[in-house]
Amino acid sequence: IGAGKSTLLAAILGEINLVSGQLRLYVDSISYAPQSSWIFADTIRGNILLGKSMDEERYKNVIKACCLDIDLQNFGEVGDLLMIGDKGVNLSGGQKARISLARALYADADLYLLHDPLAAVDPKVARKIFDQCIGPSGLLREKTRILVTHQTHFLTKTDQTILLTNGHMDELHIQQPVPNEPS
């Protein structure tokens with residue numbers, strides 16, 4: 001707490017004033033999954049699409065990667081057309097976090113900022129979501145993604161790890177490719 005993780009993401013999003021230095025982003029689009037999921041009164045599908053047109057294949061891949069497929073089955077025939085109350089009052093914290101993550105993934109951006117989307121789910125589901133969404137073989141494998149998390153066991157599968165302490169970069173670890181492996 002207080003290390004500067006949220007501030008780093010806010011700086012990338014341009015939501016704080018730059019006191020010194022420069023911020024250069026070489027991306028056309030950013031998708032953000034906030035730490036506190038925001039859900040609005042609409043269907044699950046409406047919350048994920050957020051006004052974008054439906055791409056059936058992409059939508060199904062995102063639903064599966066975010067482990068929402070089982071929830072949708074449990075909702076019966078209504079599935080993703082289940083109406084959600086204001087602020088997601090009829091959903092669990094884990095469901096809200098996974099819908100928020102699904103919205104971010106569906107956006108198909110150049111850069112993904114993921115503010116601890118795994119904190120609200122149990123460890124087994126967190127592992128599955130990491131592997132299917134964020135990790136090296138996940139849905140976002142070809143995209144640039146920044147994952148802010150306290151769950152250090154996921155760090156072994158990252159390309160770079162930055163440890164922030166009191167708002168400063170304390171450590172930077174960059175995984176080097178295996179010599180015979182194309183970089």
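Kindly list the number of the only condition in (1) open to solvent by 60 Å² or more (accessible area, probe 1.4 Å); (2) in contact with a Leu (Cβ under 9 Å, 6 or more places away or on another chain); (3) within 16 Å of ASP71 (Cβ to Cβ) that fails for ASP122.
(2)
Rundown of residues vs (1) within 16 Å of ALA102 (Cα to Cα); (2) in a strand (DSSP E or B), yes/no style:
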{"site": "ALA3", "(1), (2)": "no, no"}
{"site": "LEU9", "(1), (2)": "no, no"}
{"site": "ILE16", "(1), (2)": "no, no"}
{"site": "SER20", "(1), (2)": "no, no"}
{"site": "ASP28", "(1), (2)": "no, no"}
{"site": "SER31", "(1), (2)": "yes, yes"}
{"site": "GLN35", "(1), (2)": "yes, no"}
{"site": "TRP38", "(1), (2)": "yes, no"}
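Determine the pairs where a residue that is closer than 17 Å to GLN95 by Cα and in contact (Cβ under 8 Å) with a residue 40 or more places away in the chain, located within segment 40-62, has a partner that is open to solvent by 80 Å² or more (accessible area, probe 1.4 Å) and of a type in the set (Asp, Glu) with Cβ atoms under 8 Å apart, the partner being 6 or more residues away or on another chain.
Short answer, once both residue conditions are applied: PHE40/ASP86; ALA41/ASP86.
Working only within segment 1-45, note down all residues that are open to solvent by 60 Å² or more (accessible area, probe 1.4 Å), over 19 Å from the mean Cα position of the chain (by Cα) and among the acidic types (Asp, Glu).
Of everything in segment 1-45, nothing turns out to be open to solvent by 60 Å² or more (accessible area, probe 1.4 Å), over 19 Å from the mean Cα position of the chain (by Cα) and among the acidic types (Asp, Glu).
Please specify each residue of segment 75-96 satisfying the condition of being of a type in the set (Asp, Glu) and open to solvent by less than 40 Å² (accessible area, probe 1.4 Å).
Just the residues of segment 75-96 that are of a type in the set (Asp, Glu), to begin with: 77, 80, 86.
Within segment 75-96, just ASP80 meets the criteria.
Here's a check for you: in segment 46-101, which residue that is on the phi > 0 side of the Ramachandran plot and assigned to a helix (DSSP H, G or I) is farthest from the chain's Cα centre (by Cα)?
Filtering segment 46-101 down to residues on the phi > 0 side of the Ramachandran plot leaves 50-51, 67, 76, 79, 87-88.
Remaining after also requiring assigned to a helix (DSSP H, G or I): 76, 79, 87-88.
Details: GLY76: 27, GLY79: 22, LYS87: 19, GLY88: 18 Å.
Here the answer is GLY76.
Is it the case, given these coordinates, that ILE16 is of a type outside the set (D, E, K, R) and over 20 Å from LYS143 (Cα atoms)?
It is true that ILE16 is of a type outside the set (D, E, K, R) and over 20 Å from LYS143 (Cα atoms).
Taking into account only those residues within segment 129-148 that are in a loop (DSSP other than H, G, I, E, B) and under 21 Å from LEU68 (Cα atoms), which is most open to solvent (accessible area, probe 1.4 Å)? So that I can check it myself, show each step before the final result.
Let us first name the residues in segment 129-148 that are in a loop (DSSP other than H, G, I, E, B), namely 135-143.
Narrowing further to those that are under 21 Å from LEU68 (Cα atoms): 135-141.
Working: GLY135: 2, PRO136: 81, SER137: 91, GLY138: 1, LEU139: 56, LEU140: 3, ARG141: 127 Å².
It comes out as ARG141.
The values are calculated or read from the model by the stated rules, or taken from the named source; none is laboratory data. The shown structure was predicted, so the numbers you read here are calculated from the model rather than taken from an experiment. Don't worry about glycine lacking a Cβ; one is built from the backbone with ideal geometry, like all the others, and counts go over all protein chains shown. In case anyone asks, the SASA skips ligands and DNA or RNA and just uses the protein heavy atoms, side chains included. Shrake-Rupley method; radii C 1.70, N 1.55, O 1.52, S 1.80 Å.
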